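Worksheet for the structure shown next.
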Amino acid sequence: MNIKERYAYINVLIKQYRRASKKDRSKILDELVKNTGYNRDFGALLLRTNAQLKKNRKRNKPSQYFKIIELLKELWVVSNFLCAKRIQPFLPELLQVLEEKGELRVTGEQRGLLRKISSATVDRLLRPIRQQVFGKGKSATRPGTLLKHKIPVHTFAEWDDEAPGFLEMDVVAHCGDSLRGEYINSLDAVDIATYQVECESFMGRSQRFVTEALDIIIGRLPFPLLGIDCDKLVSFGLAKERNFSKKVSAYEPIISKGHHDHLICQVCGSVIEFENDGIEKLQNRITNEHSFNIVSHRLEIFGICKDCK
């Protein structure tokens, strides 16, 4: 248990301790020592008094390491912006090299502080500088309502990492520091089997421009397109998400596909699309018999696929 949970546990025991007899108090103290590992005398002291966490006191004087912020910034830039944990062990060596080359002049106090500074302190001192230099990254993707990394997702076709034609796609917004207004986007595609990369840029977020960019990429491919994995296609109106169950989710293109039905494996989550004229004729006959106009329908058959039998 962490320190907060430990003190909450002790406060519960304090209430029992105050109402207990002398014999029961000894048992409560034994329980405290066993569960916390505290010394018996210290445990008894806690039970006789109110166990409270000490509040963190605000620093009344500036940190001694503020004296080396500018020096630390120069070393960070020279190291090509290494993270705190990677740069901290090399600070003395990096400082020595720069001093030998006449690039830096430091005092004995600064040298001593750099030798004993921790990676956590380096990270705290460099944090505002990093934000000033790099800013905060912008994302045009909103988090989904489902944990998609835990859900088997099949898009357009059964996925095959070894056959060329299955693309991972994403839309990159070249918007600078703000997502407001019009800006250039690029559609980036990577073939999983061959690692071929294709990119096409377009202005704005129009479905028409995304479709045109996708057609250009498909035209440049030396092999037929077999499948696409890209959650951004939903936000651009090119695909829709289908949730067949709590465990199975899939994306389908809005354009180009006729009506089809699905076989869903309840073991591996694979989704098989199929078309059958007999089913279409049967449903038309049934609706005509009942003078019923079809607006929409779908057929989903759940079972076990051949690979999972």
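Quick check, is E241 at pLDDT 60 or above, under 17 Å from R298 (Cα atoms) and either over 31 Å from the mean Cα position of the chain (by Cα) or of a type in the set (G, A, S) (or both)? In short, no. The residue of segment 272-303 that is farthest from the chain's Cα centre (by Cα), among those that are β-branched (V, I, T) and under 23 Å from G227 (Cβ atoms), is I301. Does F202 meet the test of being under 12 Å from L221 (Cβ atoms) and in the same structural domain as I217 (by TED's automatic domain parsing)? The answer is no for F202. Only one of the numbered conditions (1) surrounded by 12 or more Cβ atoms within 10 Å (Cβ to Cβ); (2) modelled with pLDDT under 85 is violated by I255, and that is (1). From the list D215, D177, which residue is over 27 Å from the mean Cα position of the chain (by Cα), modelled with pLDDT under 90 and not in a strand (DSSP E or B)? Answer to the selection: D215. Screening W76 with (1) under 25 Å from R124 (Cα atoms); (2) surrounded by fewer than 17 Cβ atoms within 10 Å (Cβ to Cβ); (3) modelled with pLDDT of 85 or more gives one miss only, at (2).
In segment 261-301, what residues are among the β-branched types (V, I, T) and part of a strand (DSSP E or B)? Of everything in segment 261-301, those that are among the β-branched types (V, I, T) and part of a strand (DSSP E or B) turn out to be I264, V271, I272, I301. Looking at segment 112-165 only, could you name the residues that are hydrophobic (A, V, I, L, M, F, W, C), modelled with pLDDT of 60 or more and surrounded by 11 or more Cβ atoms within 10 Å (Cβ to Cβ)? Within segment 112-165, L113, L114, I117, A120, V122, L125, L126, I129, V133, A140, A163 meet the criteria. Whenever a residue of segment 178-192 is closer than 13 Å to P164 by Cα, its partners that are of a type in the set (D, E, K, R) and at pLDDT 90 or above, lying with C-beta atoms within less than 7 angstrom and at least six residues away or across chains, give the pairs A189/E198.
The values are calculated or read from the model by the stated rules, or taken from the named source; none is laboratory data. Note that the structure is a prediction, hence the values are computed from the model and not measured. Virtual Cβ from ideal backbone geometry, glycine too; neighbours counted across all protein chains shown.
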